[in-house]
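The values are calculated or read from the model by the stated rules, or taken from the named source; none is laboratory data. Everything quoted here is computed from the prediction, not taken from an experiment. Here the Cβ positions follow ideal geometry from the backbone for every residue, glycine too, while neighbour counts run over all protein chains shown. For accessibility, only protein heavy atoms count, side chains too; no ligands or nucleic acids. Shrake-Rupley method; radii C 1.70, N 1.55, O 1.52, S 1.80 Å.
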Amino acid sequence: MKIKTRAGSVVFENVTKTYGLGAVTAIDNVSFTINPGELVTLLGPSGCGKTTTLRMIAGLEHATKGKILIGGKDVTQLPATDRDVSMVFQSYALFPHMTVLENVAYGLTVTGVAKAEAHEKAEEGLDLVGLAGYGRRLPSELSGGQQQRVAVARALVLEPEVLLLDEPLSNLDAKLRRQVRTEIRELQQKLGLTAVYVTHDQEEALAVSDHIIVMNRAVIAQQGTPRELYEQPASGFIADFIGDANLVGAELVEIDGDMAHIEIGGLRQTLPHRGLGIGPVNVAVRPDAIELSAVNGESGQSSLKGHITHAAYLGNQMQYSVTSDIGDLFVIDPHIDAPIATGDEVRIGFSGRGLAVVPTDE
Amino acid sequence: MNRMLWIWLAIGWIGFVIFPWYQQEYGFWTLEWLFDGYPTYVDYAPAILQATLLDKYWLLPVGLFLLGPLLLARQGRAHPKYAQILIISGLGGLIWMVGQGFAIGISGWSYGWLESLFGPLDMRQYGLGYGALLMAASYLIILCTGLAAAGAMRGDVFVTSAIGTVVALVALFVFFPVARILGSAFVDIDGAVSGAAFVRNFFDDSVWGLGCLAGGACGVAWNTAFLAILTAVSTTLLGLAFALVVTRTGFRYKKSLRVLTVLPIITPPFVIGLALILLFGRSGAATQFVSDLLGVEAGRWLYGLPGIWLAQTLSFTPISFLVLIGVVEGVSPSMEEASQTLRAGRWKTFVMVSLPLMRPGLANAFLLAFIESMADFGNPMVLGGNYEVLSTEIFFAIVGAQNDAGRAAVLALVLLFFTLSAFAAQRFWLGRKSYATVSGKAESGAHIGLNPALRRLVYCTAVPWGIFTVAVYGMIFYGSFVTRWGFDNTLTLDNYVDAFGIGWSEHGIVWTGAAWDSFWTTLNISAISAPLTAAVGLTTAYLLVRQNFRGKSAFEFGTMLSFAIPGTVIGVSYILAFNVPPFELTGTGVILVICFIFRNMPVGVRGGIAAMSQLDRSLDEASLTLGANSFTTFRRVILPLLRPAIVAALVYSFVRAITSVSAVIFLVSADHNMATSYIIGLVENGRYGVAIAYCCVLIVVMLAAILAVQGAIGKRKLRREDRIAPDRLTPDRVSPAGENLKEKHS
């Protein structure tokens, strides 16, 4: 006996969820597809609807409109008990009155698996997450990271079609977080699981996901691979949410094949136009894509100038706040040996990477 | 889940075909019927034979509805009309059962228009029995299964059935009796329905008269309200003083003050009154001391408003204390600390921050004491004198020479109006105004001490009153060993021998004491009702905390309602509702058990809600996503985690059943006499010594029960430290393991 995988897909078709007779819309006409074996992250600020979406996959919330399919089967009306998914809760939700082994075996025993068999399988589950031999302890006798792994084991032994993780790392300290997220990713890839992962931490999302669905205000703002989202943000919101970005006004002056000539505060840049036409656009500028140089120095040729209003030393980088003609800018500069003082005038330039054209917010 | 349906269907058929349809004369548990003419004798026959052999053809449809679910035998859930068939069968069966029960009573048709419609009927029927009980349960579950199949509660049969059962029970044992009171209020003394009777009784000068303004006596409604307000004010102030002493001062005997909070739970309600008689009655210790000292004639001042007020303040201050400890502790220390860092001194902080934050809690304590005072029966009974209050007037209207059910019903309505208004105010007005500052977040910081002047004030209030309370309780025990209080103060055990004497004969032990009968009945009935109360209460709490459904707030209101219905009103309403078929329960032990269940249910519900709110919802959700259904989740996750609450509910309902008097006094019978009503009888006969001895025994029994349980489950208090303990599972807050490690999101 081994823990097997029966990865299934998840499909949302025009799903809407409202609370309180339609007063509050948590999810507004959302559609997406999650392929078998993928780890997909639902990412977004608090209240964007990502947790509601996850709970609807679990069957803990029910769609007001639309259709939900898991493994090709319509489960829209199915309660959580009858769905073939399992979930790792933010609080882990380990039953404090049961031992670790009883916790992991719980899902098996309540669905009618014989006790001996359930315990054997639970042992395997614990082994899988590296907790063999911890079965007889109580959850309260484990560390936070261990509890988290018990929660994962408990979800995995049911061999669900889809594994759901609701901010599984938020109760861990920062160092442990990085380690556990790697473990989860490795386990998911080893078993070929379909996993849906909710987080509000964009770095975590970039690190673990095959695919990211960014949600904002009850709708999907953009979905794609981590690289697509970072390098080709569809809007100012995405650019700002995935990594930081300075959103500056610019003018698209000329289109040349896939590329376009953009004027930003008198500087000319050539960037992919991404389907935008001639006229005003926004450019998302990553903080590390801005190059600053002292005005009296000879190195900078740019005609765009600004003033440093704040400078901070962070060990491996300098962070500056700059006022300029194109607005206030946030700048990260790796040159810690030549810091610029607050109040100094600087020339502003752009490196080739880290700029993307996005539509202006209407 | 389908299996459960078939089991319930089988139970229904068993009820129809095998068990006697009508109630058995000789008690619920007797098997006499089996050996005396069963199955064809008319008193013992099951419904199917009643309908066929004994011409009670109207009972046939009772069983016909059980045929419906059989249509589903082959296809089960796949049957296209599965839900409809179950709903029609269940609803039809229930309606027909209840309908025929009300239509045909002990003298044929119950209503004239039925007789004129169908012609005379020279058959009669009695209260519903085992068979009917089984069938009603069966139909109810069939109906709920059908509703679930039609989509109720997302198809969850367990939850639907639980809701259905609680609703049915509350409707039958709370709303139906209260409705009967309403009906009876319109019946005059000869039994004829008339609005005039209601108007006469309601607007009678003895109810609303304002004679006291002119020096005479006021109506009983005003008396009751006036007393209730006095008591509420005094208990709230004293309770606040005690709460402040315990939480905000360095008082050395805090622990012993906390013991005070247990007292009202284990004190039969008229015990304080008795003790006050021993102290301040005409031959009381204090009275005689003072009259000897000053040479004045001993007065009767105790009998009347002052005595009742004093007794109620003694009785209910601990309750206010208990409520206000929570309120005072609930004010977040960080707010007080914030106030102090903003340069406010202790006095300013108390007046401008702490006190306003406590205001809803104070109002709550006030309303609670108001309701308790209104509902109090024991103290006015013992100390009332000429001061009439509603609860005792209702009693005398029923049992007195007048035997005027109409008047009793009207008075009950007036009383109900008062208490329900207070209850509604508490729920709807205060409900929105809670400043409860105890959150799930770990909070540190200590409450600041009181301003010195204020501290002296609360000491001067709380300490003498505490000593007085101790003296009163001391009186009770001392009094039980005195031959004849005030006349012959020699110590004796006679009182205990009278009540609890044990003798030996050749047949073994003989319980010669006069109190043994009622003592065993009391323990017996209380022990039966306690687990049932806990079960109903906790199930209701589960539904309220964990399930969402339409009409939930009405459901909650209904289940908490009996808390606001004074015992006397319940007693009267049960007599009116359950004295005639189809629910003929008076004179049985069953009615006592049922009365206790629904009197004490709100306590179980509250305890359950409090305990369950501490359980993180994700525990249930985890169980559900792991494939357990709601019943398994309830049984394997929630119930084990609620064990302390369950035990507390068990003990509390046991003890409350023992001390309850107001409702019980209407419902006891020769066969089922309860301790409290027996003691009232002793008091009425002036046998104070024996009465007090009996009370002492009860107090000791209850104290033993509470201490045993406290020892078993450990102390349960809300303490701040518990919530910041990082790696320890405290019984106070059962969180999913690891919850405590949660750090704030950035």
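For this structure, a couple of remarks:
- So B:A424, is it part of a helix (DSSP H, G or I) and either touching a Ser or Thr at 6+ places or on another chain (Cβ under 8 Å) or modelled with pLDDT of 85 or more (or both): no
- If you go through region B:115-148 and pick out every residue that is touching a Ser or Thr at 6+ places or on another chain (Cβ under 9 Å), in a helix (DSSP H, G or I) and either among the hydroxyl-bearing types (S, T, Y) or open to solvent by 10 Å² or more (accessible area, probe 1.4 Å) (or both), you end up with 7.
- Positions within region A:103-129 being among the β-branched types (V, I, T), in a helix (DSSP H, G or I) and open to solvent by 20 Å² or more (accessible area, probe 1.4 Å), in sequence order: A:T109, A:V110
- Matching residues in region A:49-68 - criterion: being over 21 Å from A:D82 (Cβ atoms) and either free of Cβ contacts under 8 Å to residues at least 40 places away in the same chain or within 14 Å of chain B (Cβ to nearest Cβ) (or both): A:K50, A:T51
- Residues being facing chain A (nearest Cβ under 7 Å), touching a Phe, Trp or Tyr at 6+ places or on another chain (Cβ under 8 Å), in contact (Cβ under 8 Å) with a residue 40 or more places away in the chain and open to solvent by less than 40 Å² (accessible area, probe 1.4 Å) - total across region B:615-638: 3
- Residue count for region B:78-90, restricted to those that are part of a helix (DSSP H, G or I) and over 12 Å from B:A150 (Cβ atoms): 2
- The set of residues in region B:378-420 that are open to solvent by less than 20 Å² (accessible area, probe 1.4 Å), small (G, A, S) and in a helix (DSSP H, G or I) comprises B:G378, B:S391, B:A397, B:G406, B:A408, B:A409, B:A412.
- Residue in region A:73-96 that is nearest to the other protein chains (Cβ to nearest Cβ), counting only those that are free of Cβ contacts under 8 Å to residues at least 40 places away in the same chain and in a loop (DSSP other than H, G, I, E, B): A:P79
- Residue among B:A471, B:A514, B:A534, B:A530 that alone is open to solvent by 30 Å² or more (accessible area, probe 1.4 Å) and in a helix (DSSP H, G or I): B:A471
- The numbered conditions (1) in contact with a Ser or Thr (Cβ under 7 Å, 6 or more places away or on another chain); (2) open to solvent by less than 40 Å² (accessible area, probe 1.4 Å) are all true for B:F65 except (2).
- Checking region B:607-614 against the condition returns no match, with no residue being within 27 Å of A:N103 (Cα to Cα), facing chain A (nearest Cβ under 9 Å) and at pLDDT 85 or above.
- Matching residues in region A:130-150 - criterion: being open to solvent by 40 Å² or more (accessible area, probe 1.4 Å) and in a loop (DSSP other than H, G, I, E, B): A:G130, A:A132, A:G133, A:Y134, A:R136, A:R137, A:L138, A:S143
- Residue in region B:676-686 that is under 17 Å from B:L543 (Cβ atoms) and either within 14 Å of chain A (Cβ to nearest Cβ) or part of a helix (DSSP H, G or I) (or both) present: no
- Highlighted here are the strands (runs of 3 or more DSSP E) found entirely within region A:185-296 that include at least 1 residues which are open to solvent by 40 Å² or more (accessible area, probe 1.4 Å): A:211-216, A:219-224, A:246-256, A:259-264, A:267-272, A:279-285, A:290-294.
- In region A:160-180, the qualifying residues are those that are out of contact with any strand residue (DSSP E or B) (no Cβ under 7 Å at 6 or more places or on another chain) and crowded, with 21+ Cβ neighbours inside 10 Å, and the one that is nearest to the other protein chains (Cβ to nearest Cβ) is A:N171.
- Looking only at region B:68-102, and only at residues there that are open to solvent by less than 20 Å² (accessible area, probe 1.4 Å) and of a type in the set (A, V, I, L, M), the one that is farthest from the chain's Cα centre (by Cα): B:L72
- Test result for B:F203, surrounded by fewer than 19 Cβ atoms within 10 Å (Cβ to Cβ) and among the aromatic types (F, W, Y): yes
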